[in-house]
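Working notes, structure below.
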Amino acid sequence: MIYTVTLNPSIDYVVEVQDLKLGTLNRMERDLKLPGGKGINVSRILSRLGAENTALGFLGGFTGSFIEQFLNKESVRTDFVQISGDTRINIKLKHGEETEINGLGPKIGPDESAALLHKLSTLNGEDIVVLSGSVPPSLGAGFYERLIAVCEQTGARFVIDTTGEALLRALEHRPLLIKPNHHELAELFGVTLESKEDIITYGRKLLEKGAQHVLISMAGEGAFLIAGDKVYHANVPSGTVRNSVGAGDSMIAGFVGTLAQGGDLLEAFRTGVASGSATAFSDDLATGEKIEQLKGQVAISQWS
Ligand SMILES: Nc1ncnc2c1ncn2[C@@H]1O[C@H](COP(=O)(O)OP(=O)(O)OP(=O)(O)O)[C@@H](O)[C@H]1O
Ligand SMILES: O=P(O)(O)OC[C@@]1(O)O[C@H](CO)[C@@H](O)[C@@H]1O
């Protein structure tokens, strides 16, 4: 079974304003309220791909109830720790370009964090845990390390989608997958990546530091998968980008869901890319049908 962990879920309040003017009243053309947070997005796509999963993390208040009900209506299984604070609301403002304003997130108390660690301690070696997204400030920057330690005790494999020090510290624990985009990869090493060869050189370093598979997404410019001594490249399908929120999460879901269902590495890569693009071409996250449709447009070749 796959478990996703979203420490800091959100309602994503998607607001479309045609001609945004700061310092005055603007009226919305359209708005949309969606359950958000990276692990939750992974869970929604996994369910659409038929991959059994449970969404874990913290939810509280009226915003938390909205998310739980929405997920349950989509038949996403949930087992969140209920907290006393209100789950945050993140604003996704579409005004020709996309501007995001993400909340800090509620305070998580010691009993609440202990309850999540306890849930994870019941997993086993058959399970995969996807750890995604920001950590609420009250949990402290090292909280992912505590979750990884529990995964290691149970034998569950883990995927981590975070940035900076937290990602680097996770590598020695041999994550099944990490998925930086090329900008995050450059930031991790404090370098400028001038060419595809540079991207591969630094991607390989993440493998050397412990990651089992490294996916490097480059938005509309394709993606690399680095595994063992092989590097594969995928093109991305063409289409009209409507929304980039959750494209990376969809890619992770497509990859991990395929592996968990017994698919091979290249099929996982293909499904990952198709899932990311299918979300980029949709208002909400991708549907299973759209992902299937796009898979045929993803060509994978061995790069080196
Ligand atoms: N312009 C695009 N055209 C086609 N596919 C895209 C485009 N942008 C994103 N995607 C798809 O989504 C995947 C992930 O995109 P990206 O590299 O932007 O990751 P990310 O930065 O983690 O995404 P997010 O916007 O969710 O943070 C890509 O590999 C690709 O499959
Ligand atoms: O603040 P974080 O946890 O870094 O990111 C949260 C978030 O921006 O990521 C998801 C898209 O990947 C959205 O659903 C959500 O609003």
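The values are calculated or read from the model by the stated rules, or taken from the named source; none is laboratory data. Computed from a predicted model, the values in this text were never measured in an experiment. When we count neighbours, we look across all protein chains shown, and the Cβ atoms used for this are built from the backbone with ideal geometry, even at glycine.
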Does segment 134-144 contain any residue that is in contact with a His (Cβ under 6 Å, 6 or more places away or on another chain) and of a type in the set (Val, Ile, Thr)? no
Strands (runs of 3 or more DSSP E) (entirely within segment 1-61) containing at least 2 residues that are without any contact (Cβ under 8 Å) to a residue 40 or more places away in the chain and within 16 Å of ligand 2 (Cβ to nearest atom): 30-36
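For (1) among the small types (Gly, Ala, Ser); (2) more than 18 Å from the chain's Cα centre (by Cα), each residue gets a yes or a no:
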{"residue": "Val17", "(1), (2)": "no, yes"}
{"residue": "Thr24", "(1), (2)": "no, yes"}
{"residue": "Gly36", "(1), (2)": "yes, no"}
{"residue": "Leu46", "(1), (2)": "no, no"}
{"residue": "Ala55", "(1), (2)": "yes, no"}
{"residue": "Gly60", "(1), (2)": "yes, yes"}
{"residue": "Lys73", "(1), (2)": "no, yes"}
{"residue": "Arg88", "(1), (2)": "no, no"}
Number of the condition not met by Leu168 [criteria: (1) closer than 30 Å to Ile200 by Cα; (2) buried (at least 19 other Cβ atoms within 10 Å of the Cβ)]: (2)
Failed condition for Ile252, given (1) surrounded by fewer than 19 Cβ atoms within 10 Å (Cβ to Cβ); (2) under 16 Å from the mean Cα position of the chain (by Cα); (3) among the aliphatic types (A, V, I, L, M): (1)
Inter-residue pairs, beta-carbon under 7 Å, first within 12 Å of Leu168 (Cβ to Cβ) and in segment 184-196, second among the small types (Gly, Ala, Ser) and within 14 Å of ligand 1 (Cβ to nearest atom), 6+ apart: Leu185/Gly203
Among what's in segment 32-83 and is more than 16 Å from Val5 (Cα to Cα) and within 16 Å of ligand 1 (Cβ to nearest atom), pick the residue that is surrounded by the most Cβ atoms within 10 Å (Cβ to Cβ). Arg48
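Residues checked against (1) in a helix (DSSP H, G or I); (2) within 13 Å of ligand 1 (Cβ to nearest atom); (3) outside the structural domain of His95 (by TED's automatic domain parsing):
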site	(1), (2), (3)
Val256	yes, no, yes
Phe269	yes, yes, yes
Thr279	yes, yes, yes
Gln297	no, yes, yes
Looking only at segment 185-221, count every residue that is touching a strand residue (DSSP E or B) at 6+ places or on another chain (Cβ under 6 Å) and within 16 Å of Gly254 (Cα to Cα) and tell me the total. 5
Is segment 291-299 home to any residue that is farther than 15 Å from Lys38 by Cα, out of contact with any Ser or Thr (no Cβ under 9 Å at 6 or more places or on another chain) and touching a residue at least 40 places away in the same chain (Cβ under 8 Å)? yes
What number of residues within segment 232-249 are within 26 Å of Ile91 (Cα to Cα) and near ligand 1 (Cβ under 7 Å from one of its atoms)? 8
Looking only at segment 108-125, decide whether some residue is in contact with a helix residue (DSSP H, G or I) (Cβ under 8 Å, 6 or more places away or on another chain) and of a type in the set (D, E, K, R). no
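Return the only residue of Ser113, Ser138, Ser134 being in contact (Cβ under 8 Å) with a residue 60 or more places away in the chain, among the polar types (S, T, N, Q) and in the same structural domain as Gln18 (by TED's automatic domain parsing).
Values: Ser113 fails: in contact (Cβ under 8 Å) with a residue 60 or more places away in the chain; Ser138 fails: in contact (Cβ under 8 Å) with a residue 60 or more places away in the chain.
That would be Ser134, the only listed residue that is in contact (Cβ under 8 Å) with a residue 60 or more places away in the chain, among the polar types (S, T, N, Q) and in the same structural domain as Gln18 (by TED's automatic domain parsing).
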